[in-house]
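Engineer: Shown below is the structure under consideration.
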Amino acid sequence: WRLSGIFVYGTGAALSVPQRFYFISGVLTQQYSNINDYRMAAYHRADLAATYTPNSNPNKKWKSQWVFSMYNVYSRQNPYFIYFDQEGAAAQGNLKVSARQVSLFPVIPSVTWNLSFISR
């Protein structure tokens with residue numbers, strides 16, 4: 001058996017977010033202040049793998065391995081992008097604009113079988 005792991009870290013992506021929302025001729029308009037003045041949360045994850053290589057007969061013309069792995073072991077909801085959602089209506093005076101984060105790829109287990117041929 002061979003065990004392996006990796007920890008991946010990246011600072012959050014910089015982006016421009018609206019500072020104010022207001023209406024011009026009934027259309028919701030966004031006002032930005034500075035470019036890239038907001039930073040999303042940091043990206044980090046841990047991946048683990050265990051590789052099993054069975055004892056092979058020296059006369060065989062192939063060898064194989066089994067790999068059992070997990071991507072994003074602690075299932076961190078890393079930010080992929082942010083969008084703005086509107087709730088309510090301006091006409092009733094209850095319009096609320098909120099930022100929403102979209103995340104991809106929770107924990108993903110996988111099993112792989114590798115087969116390689118030996119040339120002699």
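The values are calculated or read from the model by the stated rules, or taken from the named source; none is laboratory data. If you're wondering where the values come from, they're calculated on a predicted model, not measured in any experiment. Note that we place each Cβ from the backbone using ideal geometry, even for glycine, and neighbour counts take in every protein chain shown.
Engineer: Just need a number here: residues in the range 68-114 that are farther than 17 Å from residue 12 by Cα, surrounded by 12 or more Cβ atoms within 10 Å (Cβ to Cβ), small (Gly, Ala, Ser) and out of contact with any Leu (no Cβ under 7 Å at 6 or more places or on another chain).
Structural biologist: Counting residues in the range 68-114 that are farther than 17 Å from residue 12 by Cα, surrounded by 12 or more Cβ atoms within 10 Å (Cβ to Cβ), small (Gly, Ala, Ser) and out of contact with any Leu (no Cβ under 7 Å at 6 or more places or on another chain) gives 2.
Engineer: In addition: For residue 73, work out the one condition from (1) aliphatic (A, V, I, L, M); (2) more than 30 Å from residue 1 (Cα to Cα); (3) in contact with an Asp or Glu (Cβ under 9 Å, 6 or more places away or on another chain); (4) modelled with pLDDT of 95 or more it doesn't fulfil.
Structural biologist: All conditions are met except number (2).
Engineer: Checking residue 19 against (1) modelled with pLDDT of 90 or more; (2) touching a Ser or Thr at 6+ places or on another chain (Cβ under 6 Å); (3) assigned to a strand (DSSP E or B), which test does it fail?
Structural biologist: (1)
Engineer: Could you list, in sequence order, the residues of the range 26-50 that are farther than 17 Å from residue 86 by Cβ and more than 26 Å from the chain's Cα centre (by Cα)?
Structural biologist: Passing the criteria: 32, 33, 34.
Engineer: I would also like to ask the following. What tally of residues in the range 44-59 results from selecting those that are small (Gly, Ala, Ser) and either without any contact (Cβ under 8 Å) to a residue 12 or more places away in the chain or more than 20 Å from residue 2 (Cβ to Cβ) (or both)?
Structural biologist: The total comes to 1.
Engineer: I'd like the residue in the range 97-120 that is within 22 Å of residue 39 (Cα to Cα) and in a strand (DSSP E or B) and, out of all such residues, is nearest to the chain's Cα centre (by Cα).
Structural biologist: Looking at the filtered set, the residue picked out is 103.
Engineer: Looking only at the range 22-41, which residues are farther than 27 Å from residue 79 by Cβ and among the hydrophobic types (A, V, I, L, M, F, W, C)?
Structural biologist: Listed by number, the residues that qualify are 23, 24, 27.
Engineer: Yes or no: residue 50 touching a Leu at 6+ places or on another chain (Cβ under 7 Å) and either surrounded by 10 or more Cβ atoms within 10 Å (Cβ to Cβ) or farther than 15 Å from residue 109 by Cα (or both)? Working first, answer last.
Structural biologist: On the way: touching a Leu at 6+ places or on another chain (Cβ under 7 Å): yes; either surrounded by 10 or more Cβ atoms within 10 Å (Cβ to Cβ) or farther than 15 Å from residue 109 by Cα (or both): yes.
Spelling it out, residue 50 is indeed touching a Leu at 6+ places or on another chain (Cβ under 7 Å) and either surrounded by 10 or more Cβ atoms within 10 Å (Cβ to Cβ) or farther than 15 Å from residue 109 by Cα (or both).
Engineer: Then there is this: Does the range 1-15 hold any residues that are small (Gly, Ala, Ser) and over 20 Å from residue 70 (Cβ atoms), and which are they?
Structural biologist: Within the range 1-15, 12, 13, 14 qualify.
Engineer: OK, next. Check off (1) surrounded by 13 or more Cβ atoms within 10 Å (Cβ to Cβ); (2) within 30 Å of residue 119 (Cβ to Cβ) for residue 59 and give me the number that stays unchecked.
Structural biologist: Failing condition for residue 59: (1).
Engineer: Now for a separate question. Would you be able to tell me the number of residues in the range 62-92 that are assigned to a loop (DSSP other than H, G, I, E, B) and under 28 Å from residue 117 (Cα atoms)?
Structural biologist: Keep residues of the range 62-92 that are assigned to a loop (DSSP other than H, G, I, E, B), which gives 72-78, 88-92.
Remaining after also requiring under 28 Å from residue 117 (Cα atoms): none.
The number of residues fulfilling the criteria is 0.
Engineer: Consider only pairs whose beta carbons are under 9 Å apart and that are at least six residues apart or on different chains; among these, list those whose first residue lies in the range 70-89 and is over 17 Å from residue 40 (Cβ atoms) and whose second residue is of a type in the set (Lys, Arg) and loosely packed, with under 12 Cβ neighbours inside 10 Å.
Structural biologist: Within 9 Å, the pairs are 86/96; 87/96; 88/96.
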